[in-house]
Amino acid sequence: MSLQLRTWYALAPIALLGCATAYRNEAGSSITGGGFREEGPGKLVKVGFSGNSFIDGRTTDQYALFRAAEYAQASGKPYFVVYKSMRDAAKDRRASEANVGFVGGKPQAFVWVRLLDEDASQAMETAAVLKRRDEVLAAGTSTPDAKDEVTR
Amino acid sequence: MNGRTRASYVVALGLAASACAVQRPYVFAPGEVSATVRVIDGGDISVCKDGTMYSVTPPPKSQLVSIPASERIAVGRLLVYQAGNMSYSCYPMLSFTPRPSGAYALDAVVVGGRCVVELVREDPLSATGVSLELSVGPRDCFARSDAPAAPAAPSAWEQ
């Protein structure tokens, strides 16, 4: 093995460790983070995204909403609303962002999702959020107004 | 159990071992009324009744656990996060008075930098399928069952 090749093998893991958690769904979740989904009570499902210490809370928040839209798309629903907690859902107090928590510098964001067949107050349009996801992922960054554009 | 749960909500062995020494499984007395709790990410919860802590474990591949009803109890979860060489743990709890045959959902998470636990009542008549459980109050693990119920207090979500 050449010295150049050995150097590459030695540096590759270091480079990987320095990357922010890439956007992925629960099927691509790993020890470094990724999406998750848990069945909830009633008409609620909890979806979210956990990241490593190289990803910021705002991006994780946005990824959680992308996950919510993907869940709505997979369920064939054109709209959905999100709640920051089950108590908010009990009050039907809708949100436009996820709950973000930090442990050891690693952010985790989640929302409670309720799927809708029709548009409603503060509902998000599934197609619009997915379009935004594609734009954000293509640009390789998140934008401050991403949520505003898809929240009614 | 999903990847995130496996990766970050794994119960720390040391704490689990110490907890096991204190908590024994709750065993229903003959004819004792019960309620059901859906534990959102699965796993064990702790139940404190009459000043004694018990563990309650769902059946395999189930989120549902049975708990004693008709008197105020405390419920909670041990959360443990691994971050590199560091381990972070917390034990959020609350109390409430389960109704016989009532159905509830419990979730324990980190929001901001705080551990919080919330509990709602499953309500098929509600638009979202859940309603507020008005008996929720602060943890009172060591209150006697015949003592007056603790006054309802805002949960961590409302603070």
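Odds and ends about this structure:
- Selection of region A:102-152 for residues being out of contact with any Asp or Glu (no Cβ under 8 Å at 6 or more places or on another chain), at pLDDT below 80 and part of a helix (DSSP H, G or I) yields A:A146, A:D148, A:E149.
- Scanning region B:117-141 for residues that are within 15 Å of the chain's Cα centre (by Cα) and either among the hydroxyl-bearing types (S, T, Y) or farther than 17 Å from B:P100 by Cα (or both) yields B:V117, B:E118, B:S135, B:G137, B:P138, B:R139, B:D140, B:C141.
- Out of B:V65, B:V47, sole residue that is touching a Phe, Trp or Tyr at 6+ places or on another chain (Cβ under 8 Å) and touching a residue at least 12 places away in the same chain (Cβ under 8 Å): B:V47
- The set of residues in region A:64-75 that are without any contact (Cβ under 8 Å) to a residue 60 or more places away in the chain and over 20 Å from B:G129 (Cα atoms) comprises A:A64, A:R67, A:Q73, A:A74.
Each row is one residue, and each column tells you yes or no for (1) in a strand (DSSP E or B); (2) touching a Lys or Arg at 6+ places or on another chain (Cβ under 9 Å); (3) under 27 Å from A:K43 (Cβ atoms); (4) modelled with pLDDT under 80.
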{"position": "B:A7", "(1), (2), (3), (4)": "no, no, no, yes"}
{"position": "B:V10", "(1), (2), (3), (4)": "no, no, no, yes"}
{"position": "B:A17", "(1), (2), (3), (4)": "no, no, no, yes"}
{"position": "B:V27", "(1), (2), (3), (4)": "no, no, no, no"}
{"position": "B:E32", "(1), (2), (3), (4)": "no, no, no, no"}
{"position": "B:G42", "(1), (2), (3), (4)": "no, yes, yes, no"}
{"position": "B:S55", "(1), (2), (3), (4)": "yes, yes, no, no"}
{"position": "B:K61", "(1), (2), (3), (4)": "no, no, yes, no"}
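- Filter result for A:S85 (closer than 29 Å to B:L125 by Cβ, out of contact with any Lys or Arg (no Cβ under 8 Å at 6 or more places or on another chain) and buried (at least 18 other Cβ atoms within 10 Å of the Cβ)): yes
The values are calculated or read from the model by the stated rules, or taken from the named source; none is laboratory data. Predicted model only: the values in this text are computed from it and were never measured. In this analysis, Cβ positions are derived from the backbone assuming ideal geometry, glycine residues included, and neighbour counts consider all displayed protein chains.
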